[in-house]
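Below: one structure, written as structure tokens.
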Amino acid sequence: MAVKKRLQVSGISLTFLLVVAHATNDAFGSMLAALLPTLQLRFGASETLLALFVATYSFSSSVLQPIFGAVSDRLGRRVTGGVGVMLSSSVLSLIGVAPTPLVLLLLLLLGGLGSAAFHPSGTGMARDAARGTKGLAVGLFSAGGTLGIAVGPLVIGLFIINGWLAWSPLLMIPGLLMGTLMLLLIPQGPARNSPDRPRTKLFDAELFRGPVGMLTVAGTLRSISWVAFNNAMPLWLVSTRGLPADSPVVFGTLAVFGMAGGLGGIIAGLLDGRLHRQLLVTGTMLLALVPLFALFFLTPGSLIYFSCVFLAGALINGGLPLMVVSAQDLAPHAVGTASGMLMGLTWGSAGVIYLGIGAMQQAVGIVPALVLSFVTLVPGALIARSVLHRNREALGI
């Protein structure tokens, strides 16, 4: 009796599916940043409590990604990624209706675990879908996430402006759909006990001590500026520049920043091989300081203001996909773990560090805290350059 073969996707179709799934997953995390001014009013929350919300989500969604990466290398990326996006979307869609700070913290903790499961699995599958253009494939996958980061504030902003927050749980539907499509359409991959599947360690100390670990440090310093911008800029616009919490400029700032980050990753992926990777990674991080500091002197909502927001997002995020590919190439036996370190641990560590930045905002003001956060791009760029230069032969750059 003939067995009916199930429909599967590969190549460009698989990349597209992963990009959309990534956008869907990451949209929920960015909704938290756009909700912070509203949550501050609802709960009477201090800057420190708001930073605790950010740190909790960052820890569960990002710091644990290396472990989930190792799990996906062992058990299969399709299941880990598909279940992950379904869990994150179903739980994080409830943050807009959380009745108390404690409930919100629990939702962020649980929903973040789903995101932590999705990211290393998705990155590994994106890399495998386009082996000849790894930098571009990972750049496209990364762009999906930043697209979601851009769209999330616009969607939740629409709900806030129109008084629809009570209906925000309906936003879980796209995430459940994308998770189901991943489970149904993505090939299974090597069997769990197949000799082709590497036996990845759940915690590989050698990775942390080697060049992948140093790239993770550089990526964390880079991520601090991104996390600080996403979470402190809405508060700065409201508390310092006098915009209302439901101002379209607040949501537009986060949307433009996120979309620019995605575009920057794609452009850097296209330029990889044409320009030196060290220049692309280091140069974009250092150049980002110019538009970031210019924002303090510009009128929010003006054309030049949004131009600087766009440049800042594109430059901060431009080199990230190339750092991820470099880490994967330096650890071919543990692609999921390396992906989790660069795509997750960097963001999570930055989010936990933001707890201290939030306390600094409360003690000395938002502007000094933002300035310090942006300056971390300098040591991050120098560390990344050192790692890429020392391992240029292994990376073929």
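The values are calculated or read from the model by the stated rules, or taken from the named source; none is laboratory data. All values derive from a computational prediction rather than experimental measurement. Neighbour counts are summed over all protein chains in view; Cβ atoms, including those assigned to glycine, are modelled from backbone coordinates with ideal geometry. The area values use the complete protein model at the heavy-atom level, side chains included, leaving out ligands, DNA and RNA. Shrake-Rupley method; radii C 1.70, N 1.55, O 1.52, S 1.80 Å.
Here are a few things to note about the model shown:
- Virtual spin-label span in nm between S46 and A359, 7 Å along Cα→Cβ: 1.0
- Both numbers refer to the Cα atoms of the range 249-330; Rg and Dmax are 13.6, 44 Å.
- Highest average packing first - 38-45, 141-148, 370-377, Cβ atoms within 10 Å: 141-148, 370-377, 38-45
- Rh by Kirkwood over Cα pairs, then Stokes-Einstein D for the range 280-369 at 1.002 mPa s and 20 °C, µm²/s: 141
- Sulfur and carbon atoms: percent of accessible area, the chain [1.4 Å]: 71
- Span-like helix criteria (full DSSP H runs; alpha carbon extent of at least 18 Å along the helix axis; mean Kyte-Doolittle hydropathy of at least 1.6) are satisfied in the chain by 134-161, 172-185, 248-271, 303-318.
- Look at the alpha carbon pairs under 8 Å that are at least 6 residues apart: their mean separation over the length of the chain gives a relative contact order of 29 percent.
- Seen from every direction in turn and averaged, the convex hull around the alpha carbons of the range 240-284 projects onto 4.1 nm².
- With 0.36 nm allotted per residue and the present C-alpha distance subtracted, the V375-R241 stretch has 46.0 nm of extension available.
- In a simple Cβ point-charge model (Lys, Arg +1; Asp, Glu -1; nothing else charged), the chain has a dipole of about 920 debye relative to its Cα centre.
- Surface accessible to a 1.4 Å probe, per residue, for the residues of the chain, Å²: 39
- Taking 0.36 nm per residue of separation and subtracting the current Cα-Cα distance, fully stretching the chain between H389 and L109 would add 97.0 nm.
- Helix-derived mean residue ellipticity, 222 nm - over the chain, DSSP H n ≥ 4, -39500 (n - 2.57), to 500: -25000 deg cm²/dmol
- Volume in Å³ per residue [convex hull over Cα atoms, computed for the chain]: 133
- Kirkwood Rh in Å, taken over all unlike Cα pairs in the range 25-144: 15.0
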